[in-house]
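These notes concern the structure reproduced below.
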Amino acid sequence: MVATSTRLPPIQRLFEIKIVAEHLHFKICTLLLHGGKLREAITWFRQHVVSYKSLVGDPNVIFLHWEWLSRQFLVFAELLDSSSATLPSTSSLPVGTADQPLTEWEFHPAYYYQSAAKYLKEKRSALELTVSNSETFSENDDGSAESVVPSVYIGQFARLIEQGDDSAMQSITDDEYTRYAIAEGKRFQDSFEIIALLKKSNEIYSNLKVQRMGSLCAFQIAREYFSLDDFNNAKQQFDGVANLYRQEGWVTLLWEVLGYLRECSRKQGAVKEFVEFSLEMAALPVSIVDSIQSSKCGPGGPASLEQREMIHREIFALISGEARPISINGVDDLKVTGDNTLHLEIDLVSPLRSVLLASVAFHEQIIKSGVSSLITLSLLSQLPLSIEIDQLEVQFNQSQCNFIIMNAQKHPLEAVQSEQHDHRMESAPSLALTTNKWLRLTYDIKSEQSGKLECISIIAKMGPHFTICCRAESPASMDDLPLWKFEDRVETFPTKDPALSFSGQKAAQVEEPDPQVDVTLGASGPALVGERFLLPVTIASRDHAIYAGEMKINLVDVRGGGLFSPRESEPFSLDTHHVELLGIVGPEGEDESQRASDKIMKIQQSFGLVSVPFLNIGESWYCKLEIMWHRPKPIMLFVSLGYSPNSNESNAQKVNIHKTLQIEGKNAVLISQHFMLPFRRVSLLLSKIKPVPDSNQFSSLPMHESTVLVVSAKNCSEVTLQLLSMAIEVDDGGTEKSCSIQQGDEDLGTAVLVPGEDFKKVFTVIPRLDSSKLRLGMVNLKWKRHCGIEDRSGLTVTGSEVVTKHELPDVHVELSPIVVTLECPPYAILGEPFMHHVKIRNKTELLQEVKFSLADSQSFVLSGSHSDTVFVLPKSEHVLNYKVVPLFSGLQQLPRISLTSVRYSARFQPSIAASNVFVFPSKPHCKMTGITDKRLEESTVAD
């Protein structure tokens, strides 16, 4: 196909052939991709490139071939990028040919964008060579190239000749076409197009998570920017590539990138970055002499030991001021002076750790305050030549422990000590660092402040205006140098003692000085709920004076549940805290001006802070903590005293004393109640016979009938209580109208209740209204601790009275239709008859039919009806009379009567206790007060 046409000169004829082949090829590729035949399209493109890649043509226009080849890859990349054909899996990748199978990268557009940029760089190099060889091009150019335009035929060019209003096309020679091609090539800057192609490739590689290929494209982009003198963009790209190369450990590639970064910093006049990149290059693990020419290695030169040493000398000559400042464009831009000092920071992840590595180890993990301990400082450098440090400043989190180590060879200690310094000065015979050899320095350290003492950093000063701040590391947790850990080098320990190297830490704990003050917490017995519990706290100074003393009080739940109650409080209490710190009572007779000078007095519900006045040696001070329990709960009392033994300064060392005391909060009394009907009197309550919903939750009381309420108070504590009064508090409104409560005398006199003893008081309740839920009120029991013979209430509790409240349960009140009363004497005499009456009262407006039956008893002989039915008129009473003769002495049971109401189908009978009577064998001779001779009156209440 090349030899078929002889109409055009050779150069133009070859160009025409390539252009026509390009059109035909991409039409075929487009059809294949639209048909989803991705493999066939890639195979066809490879054959197309192989067929024409060797057709270079005339050496003077070889750049046209590289431009055409770059365009082939670019167009095919765009076709792939916009194609909907799916990418096959790796296992099903086809084979291109037997000799050259298809690779995985050929299925991604990024490969073709990258190849297009590659051949475009070849075109640029060839064009530059052609222009340099054609020295007479500009002199002989007569402007004829400007009239050359594309012909109407594909791949052909002609000269445009204007003849008046008409124009004609004239063929051109290869020489004219060459001039036209060179002129067109010089019009465009290929670097921008190369950068665009590489960015597109890098973007695709990044989306595919192919970092290494992407970094190669980024490196090529950075070099293009560097060639355009766009150092900002070049440096940005080089930085990203350098980070990846550091992670991968590619030393040779990293060397080349750092060389470019170093040169960018030099061009920009950034002295700090220039020094950092130079030191990193000098500390790279490169020890062989490379034979690569410097033109192939970038601006950093070959990666060799000689080059590292040269960079090392250059940098340290710059920072020491011995060499002339590095000049850029005739201006001294890179210099380190007093106005332009240089300070470098090296942290735990900095690539400059191989330049200077600092290890600090305390010989003791726990040291006493004010007692000296040893600390070892170790320095390591991987720079190729030895370096001399002028001074080292060791910094701690406690600034008063900082100290400076001077190089005795440069600064004698006597001259240094004569000057005024803020920190302690030390001296070392030599501060020279040799390659891969630890410099170990051991000194005393003493801290007057308790807590954590940690070495933060080491500042090395080299030269008058250059410092390196290196973050201190612990030998036990120190990481290896990433780029040096696989190198063949001798590894040594940071300290002479291997055990210290494996366990040494850069921090130690400084213990507090032993306190010389006694704190005493006193308490007698448990605390009782509701009382104001006073706990004395005594502070006595033995060998320390107390300056700026502060006492902190914390109340903590022993079980860890907290002192706050999340539940709703009872109606009679708004307290949300189970235990509350009410206040702190100072010593009696304390002057108000002295109390005001203390300044600090903060009280919260579970926390308190109070200042302690100045106490000289041998003096003491005390106060009382006022605490109240709202619920029974054990608490832990924490009392912390902090003071300064020497001065009243705010930053002085504090000494702390901690005391704890567990206090049990208990209920003083447990109040309960129960209801009783009058003795030998039974009321028919329908709610008990036919229960209604929720009727079991309340006690049922008959309306307009007396009911006995017995309230019991039991001493649940371990101390003796004195009961002062007990009363029932009723509502001002509904309770007084709905029922009547007879309380009797509220004052209990001198009632003393020992631990475990019960006290009972009887009240009479007469309901007046029918109610399904009647609120009776609240029992108020007033008490205090029993002081006994000796009044000790001032030790732990106040003498104030405490009121314990107990809410009475709601009751159900209903009208009793039938009330049965048994009447008999309180006792009987053997063989003497007595009368036994059963009174049946109808309290309704209806006629009541009542069936009764009386069971026989072996202890008595009686006369009267045993079984019958009676009719009781409304609001009237029917009486059953029996004459009974006792046959046995002792406590005997009368014949029990059972009654059945026909209207309500309800059966009821008096209790067994109501049917008991004591029979004397003969008439007693003792005087029975309150009992008549007829023995017909009954006791109203039996307990």
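The values are calculated or read from the model by the stated rules, or taken from the named source; none is laboratory data. Remember, predicted model here, so these are calculated numbers, not experimental data. In this analysis, Cβ positions are derived from the backbone assuming ideal geometry, glycine residues included, and neighbour counts consider all displayed protein chains. Protein only, heavy atoms only, side chains kept; ligands, DNA and RNA dropped before computing areas. Shrake-Rupley method; radii C 1.70, N 1.55, O 1.52, S 1.80 Å.
Tabulated data
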| read-out | value |
| --- | --- |
| Accessible area of V813 in the full protein assembly, 1.4 Å probe (Å², nearest 10) | 0 Å² |
| Ranked order, D758, D58, D514 - accessible area, probe 1.4 Å, largest first | D514, D758, D58 |
| Members of K235/K506; K688/K851; K18/K235 lying beyond 31 Å, as alpha-carbon distances in this model show | K235/K506; K18/K235 |
| For D479, solvent-accessible area (1.4 Å; no DNA, RNA or ligand), Å² | 110 Å² |
| Cβ crowding within 10 Å averaged over residues, with 31-37, 199-205 ranked highest first | 199-205, 31-37 |
| Proximal lysines to K782, defined as alpha-carbon separation beneath 19 angstrom and excluding residues fewer than eight positions away on the same chain | K666, K714, K760, K761, K805 |
| Region 797-861: C-alpha gyration tensor shape, a/c 1.5 cut-off, then a/b vs b/c | oblate |
| Gyration tensor (alpha-carbon) shape descriptor, region 349-458, a/c threshold 1.5 | oblate |
| Share, in percent, of DSSP beta bridges within region 818-920 that are antiparallel, nearest 5 | 90 percent |
| Global geometry of region 395-499, whether rounded, prolate or oblate, following the gyration tensor of its Cα atoms and the 1.5 cut on a/c | oblate |
| Ordering of 770-777, 341-348, 74-81 by burial proxy (mean other Cβ atoms within 10 Å per residue, highest first) | 74-81, 770-777, 341-348 |
| Solvent accessible area, Å² - T869, 1.4 Å probe, full protein context | 50 Å² |
| Value of Rg/Rh across region 818-920 [Cα atoms, Kirkwood radius] | 1.00 |
